[in-house]
Amino acid sequence: MNNLSRSTVKANTYTERIIQFGEGNFLRAFANWMIHEMNKQANFDAGVVAIQPINQGLIKMLNDQDGLYTLYLNGIKNGKAISEHQIIDCIQRGINPYENPSDYLAVAENPDLRFMISNTTEAGIAYNADDKLDDAPQSSFPGKLTALLYKRFQTFGGASDKGLILIPCELINDNGANLKKIILQYADDWALGAEFVEWINEDNIFCNTLVDRIVPGYPRDKMDAITAELGYKDNLVVEGEQFHLWVIEAPAAVKEEIPAEMCGLNVVFTDNQEPYRTRKVRILNGAHTSLVPVGYLYGIDKVRESLEDEVVGKFLKDAIFEEICPTLDLSKEELDQFSNDVLDRFRNPYLEHALMSISLNSTSKYKTRVLPSVLEYIKRKNKNPEHLLFSLAALIAFYKGERGTETYEVKDDQSALDFFATQWATGNPASIVKATLANTDFWGTDLTQYDGLEAILTKNLEGIIKNGMKATLDAFVK
């Protein structure tokens, strides 16, 4: 059986217009797939040069396959469970700058280069004071990028049309702004001059982004069947879900250079990504956190099974559409579409997401993902969000570590575990609720000051303890 390469399958060759820091599963299932679609549907003609950002990586394996790999997208698409695959051919070559630093810097001399994409993990956009301009290469991603940009500045004499559009995908707030800040710090450290700083500021566009797609990665346990299906060997098969979202905060001109819209890709160009970030945290992450204690104590182990259950599924939908969405400022159409997409993602039959696996640090998750919806709902509606508060009562019950006759391990910071162990030793729901709401270490504020919260939580917690989650939730949903 042949190995996947450009000599064994038909693949396109494109102009190298994109330098990409990172060759891992996420970028290959997310950004590279979109580039592939734009090349195919809109003549984007954008080839990728992939740079290995750390000493260990996949560049050799990628080059052995001439930049090709197979992507499987599995999930709900247009209301149906779909699994589909294709060979992605936008990566033209890969460079390991630790082995070939001169080849890396030579990319700066390419007059066609226009875009930079990166995903170097959340820790990748970081300043390292030990990096120097003559390092080969610099240890940090921003250090490597600064050296490349300076080389480009020198090569083209600071020409304004040779600046780049930089689109980092690292999961930190204001990723583009933070990357630019570090580059300017290196420009100062390395005395690269005022003209270079002006070129960075005036002729390079740093975009803040929000990315969203679940990428399980390399399907090791299914590779025998996949290889038989494909008819060739591919060491870089990657799996992703059908859903994708890329929010790019950038000047309007950037949208004109990236033909995502004409290809039907879920790419949003905006001058303010914050409402989209808030939407994701409140709806997607908030729904997960709200579901975990309710579904698990109800006797369900998986996210998908929770959605399929008539009672738990209705509870979650009502929480999203009736209590979370009304606290957000995007249009109802956008919020409803995103919420329905989230529910489809939760129903994905190709992903088995255990509730316990997303229960880690549930108190801090409730604070950042759910509590803002609770407080905003109270502010806007002048009443309490019953479903989100039921979830908080369930969360308190969850920390008891008992589901019927079985016990389970709760995973959180030791201080949180000690707090709930002390409270549950009292066995008094009212005092447990009062102490939990008043714990400013959890919430950053004393929640007992909000009218009605204590009474609602106490009633729900007493019901869960006395009658069990199933009977209590059945009665609540009805």
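The values are calculated or read from the model by the stated rules, or taken from the named source; none is laboratory data. Just so it is clear, the structure is predicted and the values come from calculations on it, not from any experiment. Because the Cβ atoms are built from the backbone with ideal geometry, glycine has one as well, and the counts that use them run over all protein chains shown.
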Name the residues in segment 7-37 that are among the hydrophobic types (A, V, I, L, M, F, W, C) and either within 12 Å of Ser118 (Cα to Cα) or within 22 Å of the chain's Cα centre (by Cα) (or both), would you?
Ile18, Ile19, Phe21, Phe26, Leu27, Ala29, Phe30, Ala31, Trp33, Met34, Ile35
Odd one out for Cys263 among (1) without any contact (Cβ under 8 Å) to a residue 60 or more places away in the chain; (2) assigned by TED's automatic domain parsing to the domain that holds Glu37; (3) out of contact with any strand residue (DSSP E or B) (no Cβ under 9 Å at 6 or more places or on another chain):
(1)
Top-ranked residue in segment 179-216 [being part of a strand (DSSP E or B) and among the aliphatic types (A, V, I, L, M); ranked as nearest to Tyr127 (Cα to Cα)]
Ile205
Pairs please, first residue from segment 173-191 and closer than 22 Å to Tyr276 by Cα, second anywhere and surrounded by fewer than 17 Cβ atoms within 10 Å (Cβ to Cβ) and at pLDDT 95 or above, Cβ atoms under 7 Å, 6+ apart in sequence or on different chains.
none
Within segment 139-163, which residues are under 28 Å from Asn25 (Cβ atoms) and either within 24 Å of the chain's Cα centre (by Cα) or in a helix (DSSP H, G or I) (or both)?
Ser140, Phe141, Pro142, Gly143, Lys144, Leu145, Thr146, Ala147, Leu148, Leu149
Checking the conditions here, which among Ala228, Ala287 is farther than 30 Å from Ser357 by Cα, aliphatic (A, V, I, L, M) and in a helix (DSSP H, G or I)?
Ala228
Just one listed residue, out of Lys379, Lys383, is more than 27 Å from the chain's Cα centre (by Cα), assigned by TED's automatic domain parsing to the domain that holds Ala416, surrounded by fewer than 18 Cβ atoms within 10 Å (Cβ to Cβ) and part of a loop (DSSP other than H, G, I, E, B), and it is Lys383
Say whether the condition of being free of Cβ contacts under 8 Å to residues at least 24 places away in the same chain, of a type in the set (A, V, I, L, M, F, W, C) and part of a helix (DSSP H, G or I) is met by at least one residue in segment 308-325.
yes
In segment 65-124, what residues are farther than 26 Å from Arg220 by Cα and of a type in the set (A, V, I, L, M)?
Leu105, Ala106, Val107, Ala108, Leu113, Met116, Ile117, Ala123
Segment 413-478: helices (runs of 4 or more DSSP H) wholly inside it with 2 or more residues that are assigned by TED's automatic domain parsing to the domain that holds Lys314 and of a type in the set (S, T, N, Q) are 414-426, 429-437, 453-477
Looking at (1) touching a Lys or Arg at 6+ places or on another chain (Cβ under 9 Å); (2) of a type outside the set (A, V, I, L, M, F, W, C); (3) within 18 Å of Gly79 (Cα to Cα), which one does Arg345 not meet, given that it meets all the others?
(1)
Name the single residue, out of those in segment 52-95 being within 20 Å of Arg6 (Cβ to Cβ) and of a type in the set (Val, Ile, Thr), that is surrounded by the most Cβ atoms within 10 Å (Cβ to Cβ).
Ile91
